[in-house]
Amino acid sequence: MDEPRQRPYRALRHRDFRLLGTATLISIIGTQMQNVGIDWHIYVLTHSPLALGAVGLVRVVPLIAFSMWGGIIADRHDRKRVQFTTQAIMAVIAVLLGIATWMGRDSVWLVYLLTALTAATNAFDAPARQALVPRLVSKEDLPGALSLNLTIMYVAMITGPALAGIVIGASGGRAAHSTHGLAPLYFANALSFVAVLVALFSLQASGKPDPAANQREGWVASLHAGWRFLFSRPIILWTMALDFLATLFSGAISLLPIVADQVLHVGATGYGWLRAAPGAGALLASVYTSVHPLPRRQGPLLLWSIAAYGAATVVYGFSHNLYLTVAALAFTGAADLVSTVIRATIRQVLTPDELRGRITAFNMIFFIGGPQLGEMEAGFVAALFRSAAFGTMVSIMSGGAATLVIVVLVAMFAPVVRNYTLTLSEAAASPAKD
């Protein structure tokens with residue numbers, strides 16, 4: 001018999017979760033503003049789909065290089081201190097980017113470099129941040145906390161891009177060589193990190209990982225322990241791989257500046273609203289899942305949600321109408337929200353505390369690496385065509401179609417995904433050591 005399903009909003013009973021969640025919302029709004037600004041920054045400087053795709057490359061290389069080490073640090077050291085340090089570093093990087101842009105000393109390579117430094121720092125920040133979440137709530141409220149964290153992220157994905165589009169449009173961001181007005185976006189992001197720093201300082205929960213024998217192991221042995229656990233849980237590995245492949249082919253958000261400017265002709269302000277659309281769809285889906293928790297038999301739902309993501313991406317690439325494009329992007333966000341909740345819950349309830357940092361780091365390679373490599377792939381395909389607008393449409397539609405093919409193959413050959421049913425008793429049965 002299934003356990004009673006908890007409402008996600010019950011996680012708000014916990015003071016530390018409310019505190020850090022509010023600060024995280026502010027910080028992600030700032031991060032989204034900067035991410036939108038960087039894509040528009042590169043577009044204004046180059047008008048090249050390949051250069052836009054390269055943004056994904058400079059984000060993913062540091063991620064792959066450092067995330068596993070970030071996971072080990074999160075499992076060995078106080079997670080609050082680790083996150084405090086990384087948040088402070090990212091604030092400094094945002095200030096440097098703002099100053100360079102404001103003074104007219106910006107260049108494509110400088111934007112790439114500072115973006116790469118931010119990605120490298122995030123490779124240490126994200127494992128510590130996600131491994132800290134289970135400390136903020138009770139075990140029965142953990143799935144709800146994960147769902148609310150995603151709600152927070154998608155609220156920020158609406159607010160941040162919308163604000164960024166307004167700022168860019170008001171400051172002449174559409175002009176062929178105007179980047180001066182992007183500096184406020186970067187300064188705002190720097191300021192947003194202060195909220196997280198204050199929250200981390202105020203948390204009552206401990207950030208120290210549970211004592212475990214593997215803390216006395218060397219770094220290579222610690223990595224091996226993480227990989228051994230990952231490969232002993234096929235459902236975690238399969239869902240990570242499925243997410244990676246889906247976002248590798250359907251990841252084309254970095255091409256939105258071209259869609260906004262050359263396909264839809266809506267300019268910088270319209271670009272901001274287009275960037276906000278996936279977050280709006282995800283927010284609506286998260287509200288629905290808060291009222292109607294997801295069913296326990298989550299394997300088929302995961303496959304259907306990723307298929308819907310691919311189909312909506314095809315529509316996004318085909319559309320020449322602003323409203324249809326917004327609707328398609330919103331639908332990608334809604335579908336992604338459902339699949340993300342399922343994958344995050346599976347990973348957290350099956351992973352023991354002393355391995356959470358490493359498993360989160362491995363997941364980052366799939367969860368973040370897929371979309372970023374997908375942006376590079378999309379930019380490369382679009383650059384093959386003489387017309388940037390036509391190449392962008394072909395790139396987006398073909399990627400969505402490839403995602404549909406992948407879902408069909410996984411549904412046929414991976415019964416562990418197709419038949420998966422979640423029970424919270426798995427969390428209690430999860431071994432303390434592997």
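FYI, it's all coordinate maths here, none of it is from the lab. No experiment lies behind these values; they were computed from the predicted model shown. Here the Cβ is made from the backbone with ideal geometry for all residues, glycine too, and neighbour counts use every protein chain on show.
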(request) Which order do the peptides 402-410, 36-44 take when ranked by the mean count of other beta-carbon atoms within 10 Å per residue, highest first? (result) 36-44, 402-410
(request) Given the peptides 134-146, 245-257, 184-196, arrange them by the average over their residues of other C-beta atoms within 10 Å, most packed first. (result) 245-257, 184-196, 134-146
(request) Divide, for the range 225-332, the radius of gyration over alpha carbons by 2.2 N^0.38 Å, where N is the residue count. (result) 1.28
(request) Provide the gained length on full extension for the span F385 to Y323, in nm with one decimal, where the gain is 0.36 nm per separating residue minus the Cα-Cα distance. (result) 19.7 nm
(message) Multiplying the sequence separation of R228 and N419 by 0.36 nm and subtracting their Cα-Cα distance, what value in nm do you get?
(response) 66.4 nm
(message) Which residues does the label zone of R296 cover in the range 233-261, counting backbone N under 20 Å from a point 7 Å along Cα→Cβ?
(response) 235-236
(message) Between 0 and 90 degrees, rounded to the nearest ten: what's the tilt of helix 108-136 against the longest Cα principal axis of the chain?
(response) 30 degrees
(message) Give me the three principal axis extents of the chain from the C-alpha atoms, as integers in angstrom, largest value leading.
(response) 58, 46, 40
(message) Please state the shape class of the range 1-110: rounded when a/c is under 1.5, otherwise prolate if a/b exceeds b/c and oblate if not, all from the C-alpha gyration tensor.
(response) prolate
(request) Can you tell me the order of 353-362, 70-79 when each peptide is scored by its average per-residue count of other Cβ atoms within 10 angstrom, highest first? (result) 353-362, 70-79
(request) Quickly work out the A401-to-Q204 label distance, labels modelled 7 Å from Cα along the C-beta direction, and quote it in nm with one decimal. (result) 5.8 nm
(request) Per DSSP H run of n ≥ 4, the term is -39500 (n - 2.57); total these for the chain, divide by its residue number, and report the mean residue ellipticity at 222 nm rounded to 500 deg cm²/dmol. (result) -26000 deg cm²/dmol
(message) Test of understanding: what is the full-extension gain from H180 to V92, defined as 0.36 nm times their sequence separation minus their Cα-Cα distance?
(response) 29.8 nm
(message) For a quick check: with amide H placed at 1.01 Å from N, whose amide H comes under 5 Å from L422's, ignoring anything fewer than 5 positions away on the same chain?
(response) R297, Q298
(request) Can you work out the PRE-style zone for R13? Point 7 Å along Cα to Cβ, and I want the residues of the range 273-300 with backbone N under 18 Å. (result) 290-291, 293
(request) Just check the range 275-434 against the gyration tensor rule for me: Cα atoms, a ≥ b ≥ c as the square roots of the eigenvalues, rounded for a/c under 1.5, and otherwise prolate or oblate depending on whether a/b exceeds b/c. (result) prolate
(request) Specify the angular offset, from 0 to 90 degrees and rounded to the nearest 10, of the alpha carbon long axis of helix 15-46 from the longest principal axis of the alpha carbons in the chain. (result) 30 degrees
(message) Tell me whether the range 72-193 comes out rounded, prolate or oblate; compute the Cα gyration tensor, take square roots of the eigenvalues as a ≥ b ≥ c, and use a/c under 1.5 as the rounded threshold.
(response) oblate
(message) Please compute the Kirkwood hydrodynamic radius over the range 308-382, one decimal place, Å, based on all pairs of different Cα atoms.
(response) 14.3 Å
(message) What does the charge count around I99 come to, taking other residues whose C-beta lies under 14 Å from its C-beta (Lys +1, Arg +1, Asp -1, Glu -1)?
(response) 0
(message) For the pair T22/H265, report the inter-label distance in nm, with labels modelled 7 Å from Cα in the Cβ direction.
(response) 4.7 nm
(message) What is the angle, in °, between the Cα long axis of helix 356-367 and the longest principal axis of the Cα atoms in the chain? Nearest 10 is fine, range 0 to 90.
(response) 30 degrees
